[in-house]
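Report on one structure; see the data block that follows.
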Amino acid sequence: MSQNTMNLKVKVWRQKNANAQGAFVTYDVAGISDEMSFLEMMDILNEKLITEGGDPVAFDHDCREGICGMCSMYINGKPHGPWQANTTCQLHMRAFKDGETIVIEPWRANSFPIVKDLTVDRSAFDRIIQAGGYISVNTGNAVDGNSLPIEKQNADDAFAAAMCIGCGACVAACKNSSAMLFLSAKVSHLALLPQGAPERKSRVLNMVAQMDKEGFGSCTNTGACEATCPKEISIANIARLNKEYLGASLSAE
Amino acid sequence: MLDAKIPSGKLDDKWVDYKGHCKLVNPANKRKMEVIIVGTGLAGASAAAAMGELGYKVKAFCFQDSPRRAHSIAAQGGINAAKNYQNDGDSVFRLFYDTIKGGDYRAREANVHRLAEVSSNIIDQCVAQGVPFAREYGGLLSNRSFGGTQVQRTFYAAGQTGQQLLIGAYQALERQVALGNVTMHARHEMLDIVKIDGKAKGIIARNLITGELEKHFGHAVLICSGGYGNVYYLSTNAMGSNVTAAWKAHKQGAYFANPCFTQIHPTCIPVSGDHQSKLTLMSESLRNDGRIWVPKNVGETRKANDIPDADRDYFLERRYPAFGNLVPRDVASRAAKERCDAGFGVGTSKQAVYLDYAAAIERYGKIEVSKQGLTNVSHEQIIAMGKEVVKEKYGNLFEMYAKITGENPYEVPMRIYPAVHYTMGGLWVDYELQTTVPGLYALGEANFSDHGANRLGASALMQGLADGYFVAPYTVGNNLADEIYNAAIPTTHPAFEEAAKKVAERIATLKNINGKQSAESFHKRLGKIIWNECGMSRNAAGLKQAILDVQALKKEFWSDLRIPGEINEYNPELDKANRVADFIELGELMCIDALTREESCGGHFREEYQTPEGEALRDDENFMFVSAWENKGEHEWQLHKEELKYDVIKPSQRNYK
C-alpha cells in the first residue's frame with residue numbers, strides 16, 4: 001500500500017485526423033504513483049498539455065473498470081499493454097519502472113480507421129452484429145424462462161463466449177487484422193444455446209460475409225488474438241465458427 | 001400539486017386496465033411516426049428495439065463509439081424478478097413492498113407495482129434473446145440474494161449481469177438497425193430539445209467527430225441518458241456518464257425531481273490518492289458471503305489476518321441481526337462511515353472497512369468435501385476447495401480487486417469504502433413516464449420514479465428494461481395516437497434554426513473564454529464540494545455554504561476555462577466542458593433540494609434529523625412528497641410538490657434489526 005513515484009517518458013502516436021499524416025511525439029511525465037491506473041497517467045499528461053497551451057492526446061475510454069470495451073491502446077507492442085487478460089484501463093503503473101519509455105499507439109488495422117491520435121473507428125464491429133449477431137425474437141413473445149432448461153456446461157460455455165467486450169484487441173494483435181475471434185465469440189454464444197438454433201446457418205454465413213466486406217484479414221491460426229484477449233476468449237471458438245460455417249455452407253440452398 | 005395521472009382502480013389492476021384501454025396507433029401510421037431516443041443503455045436500447053419492432057421510425061443517439069458501451073454494461077450483481085423459482089415466498093406484492101420499503105417510502109406506489117408486475121417478463125424476454133444467465137445443474141435458472149430482501153430473487157450472469165443484459169438489448173437494437181427501423185447515431189451528443197407549440201418535437205445533436213450540429217425531428221423524444229452520479233467527480237459511473245441531456249430537458253421546462261436522492265454504495269474500492277479518476281464497485285453480491293468488520297480497538301496495528309475474532313467488530317451483524325451484512329445500501333454505507341469517523345477505519349487512509357471472505361471460503365470448502373464424500377481432508381485442502389467455489393461465483397470481481405490494489409483478496413480481506421453509485425432523483429415523470437413537457441419522456445435512471453430515497457440492489461437493471469421493453473411502448477403509443485394527424489416537421493422550421501443557433505453560441509462562448517484551467521480541474525473541485533456537503537451526510541450550514549461555493553465555482557468556470565483545439569473537429573475537451581457546465585448547475589440544485597428537505601430518508605441523511613440510534617428519521621407529516629423543481633432562470637428554481645399517497649402500504653420506520 002505504500003506509494004512509489006516514478007518519472008517516465010511516453011512516446012505517443014499523434015495524428016490530427018483520419019487523413020493527416022501521423023508521427024510519434026515523446027513527452028515527459030513526472031511524479032507518477034505506482035498506484036495510478038495507466039489512464040490516470042494519461043490524464044496527468046493531458047492536464048499538463050492543456051495548462052501549457054498544447055493539444056491533449058485523444059483516446060477512447062469510458063467505464064475504466066474493464067467491461068465497456070472502449071479503451072484501446074497498443075502499449076509497448078501489445079494491445080492493452082503487458083498484463084495478461086487485462087484492458088488498458090485496468091493496467092496500473094506498477095507494471096512499469098522508473099525511467100522507462102512507454103510506446104503508445106492506436107489499434108492498427110485498415111478496418112479501424114484512425115479518428116484522432118489513439119482513437120479509432122470500430123463501427124465495423126457493429127455492422128458485423130447487424131448481419132446476424134442476434135436472436136430474432138420480438139419483445140413480448142417469450143415463454144417462461146424456465147420452460148427451456150439448458151445444460152449447465154452449454155450455458156457456461158455460451159457465457160464464456162458472450163463475455164467478449166468488443167474492444168478489437170484481437171484485430172490489433174493479429175498480423176492479418178483478422179476479426180475471427182470477435183466473430184467466433186458471437187457465433188459460439190448463440191450457437192451453443194437452443195434459442196439460437198433456428199437462425200444458426202444464416203447467422204454464420206451472413207456474419208462472415210459482412211466481416212469479409214469490412215476488409216478484415218483471414219485467420220492463419222497464430223493464436224495472437226487469444227493471447228491478447230482481455231476476457232480470455234478461447235480460440236476454440238474459431239474452430240467452432242469454422243465448423244458452423246462449413247456445415248452451413250454445405251447444407252445451404 | 002403535481003398530478004402524476006395515476007389510473008384509478010385497485011393497485012393490482014391499474015396497469016392491466018391501462019394497457020387494455022390505452023390508445024393504439026395502427027401499423028400504417030406507426031411507419032410515419034418518428035421517435036428520438038437519447039442514450040442506448042438498458043432503457044434506451046430496449047426502448048429503441050421495442051419501438052422499432054412495433055414499426056415506429058426510431059432514431060437513437062449515444063455519445064460512445066457504439067451503443068454497446070453504455071454504462072449499464074458495468075452493472076455487476078444481477079436483476080430482480082418476482083418469479084418465486086426458489087419457492088421461498090416471493091411474489092409481485094413482496095417485490096413491490098420491498099422496493100417501496102427499501103426506498104424509505106418516497107417512491108410512487110403505482111409505478112413500483114407496475115415494475116414488480118413486469119419483472120418476470122423481463123427475465124423471459126432476456127432468456128429468449130440468448131442472455132446466458134447462471135444456471136443450476138438441472139438446467140434451470142439460478143438465483144441469489146441481494147440487500148434489503150429476505151428472498152432469493154436475483155438473476156445473474158457471474159459478476160457481469162449488466163454486460164449480458166445490455167448485449168442482449170444491443171443485439172435486439174442492431175437487429176432493428178439491420179431491418180431499417182432504427183437509425184443509430186453513435187458519437188453524437190444531444191445538446192438541446194426543440195419545442196414547437198410547447199411540445200417536444202426534436203433535438204439538436206452534435207456530431208462529436210466533426211463538431212457539426214445536427215437537427216433531428218421526432219414526434220416524441222425519450223431521454224434515456226442515465227444518472228448524474230458524476231456530479232461528484234469520483235463515482236462508480238463511467239467517465240463519460242453525464243447529466244447533459246437530462247439537464248437540457250430540465251432547462252426546457254421538464255421538472256427535476258428529488259435531485260438530492262443519491263445512492264452511496266457501501267462496497268467500493270477505497271480512494272488511493274488525488275490522481276484518482278473513478279471508483280470501482282465491488283458488487284453487492286459480495287455481501288452475500290463476505291463479512292464486513294473493523295477492529296474493536298482504535299489504533300489497532302496488527303494485520304487483518306492476525307486480528308482474532310474476539311477483537312473484530314462485525315458491525316452490521318451487531319447492529320442489524322435480522323439482515324446482517326445484507327441491509328440496504330444506505331444503511332450499510334452510513335454504518336461504515338460511522339465506524340471510520342469514530343476512528344476504527346483500516347488501511348493507510350483509515351477510510352476503509354474490511355470485507356472478509358475467510359469464513360465463506362472455509363464454509364464452501366466444507367460443503368464441497370461433503371458433496372464429494374471425502375474423508376481425512378486437511379484444512380489446507382478444504383480452503384483450496386473453498387477458494388475454487390468462491391472463484392466460480394465471484395472470480396472476475398476478485399481479479400479486478402487484485403489488479404487495482406495489488407493485493408490478493410483470496411488471502412487477505414478486501415478493503416472497501418462507500419462511493420457514489422446511482423442517482424434515484426431525475427427528471428420528474430408521470431405514470432406514463434412523460435415529463436412536464438408534452439412529448440418528452442424519461443426512462444431508466446434518467447427519471448426519478450421507482451426507487452424513492454434509496455434503490456435496492458439489482459433493481460436498476462430491472463427498471464431500465466421494464467421502462468424500455470414493457471412500459472414506454474404502450475405509454476408513448478397512447479400519446480402518439482393523437483399525433484397521427486401531424487406530419488413530420490421539416491428541420492428548416494424556425495424553432496430548429498433558433499435552437500441550433502443557441503447551441504452554437506453556447507459552444508462558442510465556452511471556447512472563447514480562453515482561460516487557464518481545464519474542464520477536468522473544475523469538475524474535481526465541484527465533486528469535492530458536493531461530496532463533502534451533499535454526500536453521505538448533510539446539514540443545513542454545510543449545504544448553505546456549498547450553494548455559495550458552487551455559485552462561485554460557476555463564475556470562475558465561465559471566466560477561466562480553457563478548451564484546447566477547435567470547435568469543428570473531434571474535441572473531447574469541448575465535450576467535457578459542456579458536461580461540466582451542466583454538472584455545476586445541477587450541483588447547486590442538489591444542495592437546494594437537500595437543504596429544503598428537512599428530514600432524513602434513505603440516502604438523504606440530514607444530521608439534524610436522526611433517531612437516538614443514528615437511523616434516518618423521516619418526517620411523513622411534512623415531507624411525504626416528491627420535490628419537483630422548475631427552472632426559472634440563473635440560480636432560480638421553483639418547488640412543485642407531488643403528494644405521495646400510500647393506499648396499500650402503511651409507511652413505518654424501516655427496521656432491519
Task: Under the Karplus curve 6.51 cos²θ - 1.76 cosθ + 1.60, θ = phi - 60°, whole-Hz ³J(HN,Hα) for region B:418-428, x wherever Gly or Pro sits - done: x, 8, 4, 9, 7, 10, 6, x, x, 4, 5
- [ ] Calculate, axis by axis, the spread of Cα positions in region B:1-151 along the three principal axes, and write the results as whole Å, longest axis first.
- [x] 48, 41, 29
TODO: Arrange the peptides B:487-494, B:639-646 so that the one whose residues have, on average, the most other Cβ atoms within 10 Å appears first.
DONE: B:639-646, B:487-494
Open item on the list: Using only DSSP helix segments of four residues or longer, with each worth -39500 (n - 2.57), what per-residue ellipticity at 222 nm results for the protein assembly as shown after dividing by its residue count and rounding to 500?
Closed with: -11500 deg cm²/dmol
- [ ] Would you mind checking which residues have amide H under 5 Å from A:CYS68's amide H? H placed 1.01 Å from N; only 5 or more apart, or other chain.
- [x] A:CYS63
TODO: Mind putting together the pair-distance distribution for region B:266-419? All Cα pairs, 10 Å bins, whole percent per bin, short to long.
DONE: 11, 39, 36, 12, 2, 0
Open item on the list: Going by Cα centres, region B:250-310 and region A:187-253 are how many Å apart?
Closed with: 41 Å
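For region B:497-627, what is the per residue volume of the convex hull drawn over the alpha-carbon atoms, in cubic angstrom?
Taking only Cα atoms, region B:497-627 has a hull volume of 124 Å³ per residue.
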TODO: Hey, can you grab everything whose amide H is under 5 Å from the amide H of B:GLY55? Only 5+ residues off in sequence or another chain; H modelled, so Pro and N-termini drop out.
DONE: none
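Please work out the ratio of the alpha-carbon Rg of region A:122-251 to 2.2 N^0.38 Å and round it to two decimals.
Numbers: Rg = 14.6 Å, N = 130, 2.2 N^0.38 = 14.0 Å.
Computed over Cα atoms of region A:122-251, the ratio equals 1.04.
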- [ ] Run through the DSSP bridge list for chain B and note the antiparallel percent, rounded to the nearest 5.
- [x] 70 percent
- [ ] Over all alpha-carbon pairs of region A:69-183, lay out the pair-distance distribution in 5 Å bins, whole %, shortest bin first.
- [x] 2, 9, 16, 18, 16, 12, 9, 8, 6, 3, 1, 1, 0
Task: Gyration tensor (Cα) of region A:158-219, equivalent ellipsoid semi-axes in angstrom - done: 21, 15, 7
Open item on the list: Between A:GLU151 and A:ASN110, how high is the FRET efficiency from 1/(1 + (r/R0)^6) when r is the Cβ-Cβ distance and R₀ = 45 Å? Nearest 0.05.
Closed with: 0.65
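Using the Cα atoms as the points, what is the convex hull volume per residue of chain B in Å³?
Working: hull volume 100.2 nm³, N = 657.
Per-residue hull volume (Cα only) is 153 Å³.
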- [ ] Please tell me the relative contact order of chain B in percent, rounded to the nearest whole number, where contacts are Cα pairs under 8 Å and at least six residues apart.
- [x] 21 percent
Task: Low-density loop positions, trypsin sites (Lys or Arg not before Pro), region A:2-110 - DSSP coil, at most 13 other Cβ in 10 Å - done: A:LYS97
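From the Cα trace of the protein assembly as shown, what convex hull volume per residue do you get, rounded to a whole Å³?
Values: hull volume 148.9 nm³, N = 910.
Given the Cα convex hull of the protein assembly as shown, per-residue volume reads 164 Å³.
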Open item on the list: So if I take the centroid of the Cα atoms in region B:583-657 and the same for region B:84-158, what is the distance between those two points in Å?
Closed with: 27 Å
Open item on the list: Explain nothing, just the number: relative contact order of region B:312-382, from Cα pairs under 8 Å at least 6 residues apart, as a whole percent.
Closed with: 15 percent
Task: Translational D in µm²/s for region B:198-288 (Stokes-Einstein at 10 °C, 1.306 mPa s, Kirkwood Rh from C-alpha pairs) - done: 99 µm²/s
Task: Computed E for A:PHE24/B:GLN150 - FRET, C-beta separation, R0 45 angstrom, nearest 0.05 - done: 0.15
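Mind listing which chymotrypsin sites (Phe, Trp or Tyr not before Pro) in region B:243-274 are in a DSSP loop and have 10 or fewer other Cβ atoms within 10 Å? Spell out each step's value before the answer.
Values: sites: B:TRP247, B:TYR255, B:PHE256, B:PHE261; in loops: B:TYR255, B:PHE261.
For chymotrypsin sites (Phe, Trp or Tyr not before Pro) across region B:243-274 that sit outside H, G, I, E and B with at most 10 neighbouring Cβ atoms in 10 Å, the list is empty.
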Task: Zero-based 5 Å bins, Cα pair distances in chain A, whole percents - done: 1, 6, 12, 16, 17, 14, 11, 8, 7, 5, 3, 1, 0, 0
- [ ] Take peptides B:393-405, A:157-169 and line them up by average Cβ neighbours within 10 Å, highest first, as a rough protection proxy.
- [x] A:157-169, B:393-405
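Could you tell me the relative contact order of region A:122-251? Use alpha-carbon pairs under 8 Å, at least six residues apart, and round to a whole percent.
34 percent
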Task: Tail fraction, Cα-Cα pairs, region A:5-116, threshold 25 Å, whole percent - done: 16 percent
- [ ] Report the semi-axes of the equivalent ellipsoid for region B:106-226 in whole Å, largest first, where each axis is √(5λ) for an eigenvalue λ of the Cα gyration tensor.
- [x] 36, 20, 14
Task: Centroid-to-centroid separation of region B:1-21 and region A:97-126 [C-alpha atoms, Å] - done: 52 Å
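How long are the semi-axes of the equivalent ellipsoid of region B:547-613, defined as square roots of 5 times the Cα gyration tensor eigenvalues? Whole Å, largest first. Before the final figure, lay out the partial values.
On the way: eigenvalues 262, 33, 12 Å².
Value: 36, 13, 8 Å, ordered largest first.
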Task: For peptides B:332-339, B:56-63, A:21-28, sequence by mean Cβ density within 10 Å, most packed first - done: B:56-63, B:332-339, A:21-28
Open item on the list: Per residue of region A:135-147, what does 6.51 cos²θ - 1.76 cosθ + 1.60 with θ = phi - 60° give for ³J(HN,Hα)? Whole Hz please, x for Gly and Pro, Karplus curve as stated.
Closed with: 10, 7, 9, 6, 4, x, 9, 7, 8, 4, x, 8, 7
TODO: Pop the C-beta distance of B:LYS5 and B:THR348 into the FRET formula with R0 = 60 Å and round what comes out to the nearest 0.05.
DONE: 0.65
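No value in this document is a laboratory result; all are computed from the given coordinates. Every value quoted in this text rests on a predicted model; they were computed, and no experiment measured them. For neighbour counting, all protein chains shown are included, and Cβ atoms are generated from backbone atoms with ideal geometry for every residue, glycine included.
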